[in-house]
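What follows is one structure encoded as structure tokens, with my remarks underneath.
The values are calculated or read from the model by the stated rules, or taken from the named source; none is laboratory data. Only a predicted model underlies this, so the values are computations on that prediction, with no experimental measurement involved. When we count neighbours, we look across all protein chains shown, and the Cβ atoms used for this are built from the backbone with ideal geometry, even at glycine. Surface areas here come from the heavy atoms of the whole protein model, side chains and all, with no ligands, DNA or RNA. Shrake-Rupley method; radii C 1.70, N 1.55, O 1.52, S 1.80 Å.
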Amino acid sequence: MKPNTSPLGDGRKLKQMRQDYQLYLIILFPLAWVIIFQYFPMYGLQLAFKDFRIMDGIWSSPWVGFEHFEKFFNSYQFKRVITNTLIISFYDLIAGFPLPIILALALNATLKTRFKQVVQFVTYMPFFISTVVMVGMILQFLNPRIGIINMGMGLFGADPINFMGEPEWFKSVYVWSGIWQTTGWGTIIYLAALSAISPEIHEAATIDGATRLQRIRHVDLPGIMPTIVTLLILNAGSIMGIGFEKIFLMQNPLNLSSSEVISTYVYTVSLASSAPDYSYATAIGFFNSMVNFILIMLVNQFAKKAGETSLW
Amino acid sequence: MKSKIVLTRSDKTFYFFNDLLLLIALLIVLYPLIYIFSASFSDRLSVISGDVFLWPVHFSLEGYQAVFKDPRVLTGYGNTIFYTIAGTILNVILTILAAYPLSRRTMVGRNIIMYLFAFTMLFNGGLIPNYLLIKDLGMIDTRWAMLLPGALSVWNVIIARTFYQSTISQELFEAASIDGCSHLRFMWSVVLPLSKAITAVMVLFYGVFHWNAYFNAFIYLKSDELYPLQIVLRDILIQNQIDPASITDTEDMTRKQGLADLLKYSIIIVASLPIWLVYPFVQKYFVKGVMIGSIKG
């Protein structure tokens, strides 16, 4: 964000505000929405330090300090959900991050324009599949009885595997289905960066006798490096923030030891529980949000220091 | 590449493997989609015996007939259409109302308001405080719970703001205001007509979001008659709750199970069809949206 165009004196500021009064009128509705639907819940975070009683409401429930946080840190679930969250995130980052870059470089390099358009068209498509349908597809394909994967393995004499029922398969299924769904879409941002590289650099390199592969290595890749770093920062910052939706839909009692992450655990102890503990769940969620926030601040700071780029 | 380029041998090898890589990527993404499509148009026995490989086997519509026998599907479809249209209209209006003022460099306090918006992308109250807020507002199990909590995406506000800043200059407004044009009038008569492209991007992003959303319905809704399609899909595809009435055509258990398996493929197609149908026409707008979003604001 750039600072305002000129430092205005107080008198001129007031005059400008009077002149622009309609701008404040216009932004009133969205601003009210942000305050009600974003900042009120933040105010509700005080629940994490209280013992919530429905009768008393958020404001009048008694304070208990860090009791819920201590309970979470000492619970046997703590290690499990943190470990699952981190392993899935890192797995996803390591397996999933390079693929859109490779695909974008390949798309950018091909000489067959029409073919390129077809590949783009098709690989973007899964991005628009809803999470529910995506998980439904996973369950159908991996079904031990009628799923095409198990039937295909059966042709080679392999016994069917109940992928969704075995904890050791869960993380791979989660990560690779995500890769199938988002790799194509992930190329867009890199393709934009690649198209911004001046053709003259390529021409010069060609004249100097560089092969296409060398031009990818020494022209294309450095050209999109800032984009790569920015996206890596974004991803690293959300390493503790696995979303609820897909993982929750993929969970079942058999794979829970491998699939329970922070966001689903918050749901398990509150809305899904017969004895909901709202304060405890809020504390876990608060802890998670704080970690996410600190992480993104740290990686951004780190990126600024490294001098490459930063998010804001 | 306009001129015919003579390729060296190493470049020829490169292009061969490069195109091969693209072809593999294409097939990996395409095959599951084709399989689902073909399975949905096959008959139940072909599906459970594994005869379907590429094309429909024993072409049949029995999967689709079973899908539409389930009353939940039609109700869900109707609800989703309502949530998508009403929700998207609300989204687009609020987004424009936020983005235009924030794009005006003369606005005093613009940065503070911008930080107020942007901070919510980095930090939020989380599940329980949000749930309690909706409960206190009396919106649990009402259609409002599907429209208001997600009425604005700050990310889209930033995209629209970036677009306005780069296309509608301060001078343009100053010229108009000398002629007595107010901000409201300017927004309506100048900004909106000049930014149809970004409005289209907004409509598409928000529209797809509503069509595919299930989380808010899952947390806030309790009545069958309010459920959107995605909740019905979850019941059928993931919870395996098949309506017995939709598979009553036979007493044979294997055939019943076969139809239950088949109708899942059909419902995947039914639920995704509207998006597949518009996707070819709007692909470039989506791409445009991502590109604008990638410019730092």
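Below, the figures for the structure above:
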{"item": "Enumeration of residues in region A:87-117 that are touching a residue at least 24 places away in the same chain (Cβ under 8 Å) and more than 14 Å from the chain's Cα centre (by Cα)", "result": "A:ILE87, A:ALA95, A:LEU99, A:PRO100, A:ILE101, A:LEU103, A:ALA104, A:LEU105, A:LEU107, A:ASN108, A:ALA109"}
{"item": "Identity of the residue in region B:195-217, open to solvent by 40 Å² or more (accessible area, probe 1.4 Å) and at pLDDT 90 or above, that ends up farthest from A:GLU245 (Cα to Cα)", "result": "B:VAL203"}
{"item": "Elements of type helices (runs of 4 or more DSSP H) in region A:172-289, at least 1 residues being within 11 Å of another protein chain (Cβ to nearest Cβ)", "result": "A:199-207, A:212-215, A:221-237, A:245-250, A:262-269"}
{"item": "Breaking point among (1) more than 30 Å from B:ASP141 (Cβ to Cβ); (2) open to solvent by less than 20 Å² (accessible area, probe 1.4 Å); (3) touching a residue at least 24 places away in the same chain (Cβ under 8 Å), for B:LEU22", "result": "(3)"}
{"item": "Candidates A:VAL81, A:VAL122, A:VAL175 - the one that is of a type in the set (A, V, I, L, M), open to solvent by less than 40 Å² (accessible area, probe 1.4 Å) and either within 17 Å of B:TYR35 (Cβ to Cβ) or touching a Cys at 6+ places or on another chain (Cβ under 6 Å) (or both)", "result": "A:VAL122"}
{"item": "Unmet requirement for A:ARG145, which otherwise passes all of (1) open to solvent by 60 Å² or more (accessible area, probe 1.4 Å); (2) in a helix (DSSP H, G or I)", "result": "(2)"}
{"item": "Subset tally (residues that are surrounded by fewer than 18 Cβ atoms within 10 Å (Cβ to Cβ) and either under 29 Å from the mean Cα position of the chain (by Cα) or at positive phi (or both)) for region B:58-74", "result": "7"}
{"item": "Residue among B:GLY109, B:GLY138 that is within 9 Å of chain A (Cβ to nearest Cβ), free of Cβ contacts under 8 Å to residues at least 40 places away in the same chain and over 19 Å from the mean Cα position of the chain (by Cα)", "result": "B:GLY109"}
{"item": "Failed criterion for A:SER195 (all others in (1) in contact with a Lys or Arg (Cβ under 8 Å, 6 or more places away or on another chain); (2) in contact (Cβ under 8 Å) with a residue 60 or more places away in the chain; (3) surrounded by fewer than 19 Cβ atoms within 10 Å (Cβ to Cβ) hold)", "result": "(1)"}
{"item": "Selection count, region B:16-27, where residues are within 30 Å of B:TYR64 (Cβ to Cβ) and more than 7 Å from every other protein chain (Cβ to nearest Cβ)", "result": "1"}
{"item": "Residue in region B:224-242 that is more than 21 Å from B:PHE68 (Cβ to Cβ), within 13 Å of another protein chain (Cβ to nearest Cβ) and surrounded by fewer than 21 Cβ atoms within 10 Å (Cβ to Cβ) present", "result": "no"}
{"item": "Pairs where the first residue, in region B:76-105, is under 24 Å from B:PHE186 (Cβ atoms) and the second is in a helix (DSSP H, G or I) and among the polar types (S, T, N, Q), C-beta under 7 Å, 6+ apart", "result": "B:VAL92/B:THR199; B:THR95/B:ASN156; B:SER103/B:GLN165; B:ARG105/B:GLN170"}
{"item": "Residue, surrounded by the most Cβ atoms within 10 Å (Cβ to Cβ), within region B:254-269, restricted to residues that are under 21 Å from B:ILE81 (Cβ atoms) and facing chain A (nearest Cβ under 10 Å)", "result": "B:ILE268"}
{"item": "Matching option when the condition is surrounded by fewer than 18 Cβ atoms within 10 Å (Cβ to Cβ), modelled with pLDDT of 90 or more and more than 7 Å from chain B (Cβ to nearest Cβ), among A:ILE36, A:ILE54", "result": "A:ILE36"}
{"item": "Filter pass, B:ILE89 being crowded, with 19+ Cβ neighbours inside 10 Å and more than 8 Å from chain A (Cβ to nearest Cβ)", "result": "no"}
{"item": "Single condition B:SER246 does not satisfy, out of (1) open to solvent by 20 Å² or more (accessible area, probe 1.4 Å); (2) in the same structural domain as B:SER40 (by TED's automatic domain parsing)", "result": "(1)"}
{"item": "Residue list for region A:101-115, restricted to those being farther than 13 Å from A:SER195 by Cβ and either at the interface with chain B (Cβ under 10 Å from one of its Cβ atoms) or exposed (fewer than 15 other Cβ atoms within 10 Å of the Cβ) (or both)", "result": "A:ILE102, A:LEU103, A:ALA106, A:THR110, A:LEU111, A:LYS112, A:THR113, A:ARG114, A:PHE115"}
{"item": "Residue check for A:GLY223: small (Gly, Ala, Ser), surrounded by 15 or more Cβ atoms within 10 Å (Cβ to Cβ), touching a residue at least 24 places away in the same chain (Cβ under 8 Å) and farther than 30 Å from A:LYS246 by Cα", "result": "yes"}
{"item": "Residues that are over 15 Å from A:TYR21 (Cα atoms) and among the charged types (D, E, K, R), drawn from region B:70-116", "result": "B:ASP70, B:ARG72"}
{"item": "Selection from region B:35-57 of residues that are open to solvent by 10 Å² or more (accessible area, probe 1.4 Å), in contact (Cβ under 8 Å) with a residue 60 or more places away in the chain and within 22 Å of A:PRO160 (Cβ to Cβ)", "result": "B:LEU45, B:ILE48"}
{"item": "For B:THR250: the one exception among (1) assigned to a helix (DSSP H, G or I); (2) farther than 20 Å from A:GLY136 by Cβ; (3) of a type outside the set (Asp, Glu)", "result": "(1)"}
{"item": "The lone exception for B:MET146 - which of (1) assigned to a helix (DSSP H, G or I); (2) open to solvent by less than 10 Å² (accessible area, probe 1.4 Å); (3) farther than 24 Å from A:ASP56 by Cβ it fails", "result": "(2)"}
{"item": "Number of the condition not met by B:THR120 [criteria: (1) open to solvent by 20 Å² or more (accessible area, probe 1.4 Å); (2) within 10 Å of chain A (Cβ to nearest Cβ)]", "result": "(1)"}
{"item": "Which numbered condition B:ILE236 misses (of (1) among the hydrophobic types (A, V, I, L, M, F, W, C); (2) under 30 Å from B:PRO101 (Cβ atoms); (3) assigned to a helix (DSSP H, G or I))", "result": "(2)"}
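Here's the yes/no breakdown for (1) in contact (Cβ under 8 Å) with a residue 24 or more places away in the chain; (2) in contact with a Ser or Thr (Cβ under 8 Å, 6 or more places away or on another chain):
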residue: A:ILE179; (1), (2): yes, no
residue: A:GLY186; (1), (2): yes, no
residue: A:ALA205; (1), (2): no, no
residue: A:ASP208; (1), (2): no, no
residue: A:ARG215; (1), (2): no, yes
residue: A:THR230; (1), (2): yes, yes
residue: A:PHE248; (1), (2): no, yes
